[in-house]
């Protein structure tokens with residue numbers, strides 16, 4: 001299950017700004033986007049993933065994605081990154 005991979009990842013980003021930076025630098029291996037995140041917020045992340053051929057996994061909600069990242073608030077996006 002991909003969310004389990006995110007939970008166990010040694011290195012990850014949490015949040016749209018950090019995730020976008022990781023994509024642009026070519027460090028993102030897999031990106032997670034919450035289904036209930038505002039489209040305006042995650043549009044650039046999804047576009048960046050398409051350009052860099054990074055797989056995008058849809059998380060059920062921002063709360064679920066936040067929990068998988070080990071935080072108590074929701075997250076619109078996150079990524080597993082190279083060390």
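None of the figures in this text is laboratory data; all of them are computed from the coordinates on show. This one's a predicted model, so the numbers in the text were calculated from it and none came from an experiment.
Here is how the numbers come out for the structure above:
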{"item": "Highest-fluctuation residue, 45, 33, 64 considered, GNM on the chain with Cα pairs under 10 Å", "result": "64"}
{"item": "Antiparallel DSSP beta bridges within the chain, as percent of all bridges there, nearest 5", "result": "65 percent"}
{"item": "Correct option for volume of the Cα convex hull per residue in Å³ [calculated from the coordinates] among [x] 85; [y] 201; [z] 73", "result": "[z]"}
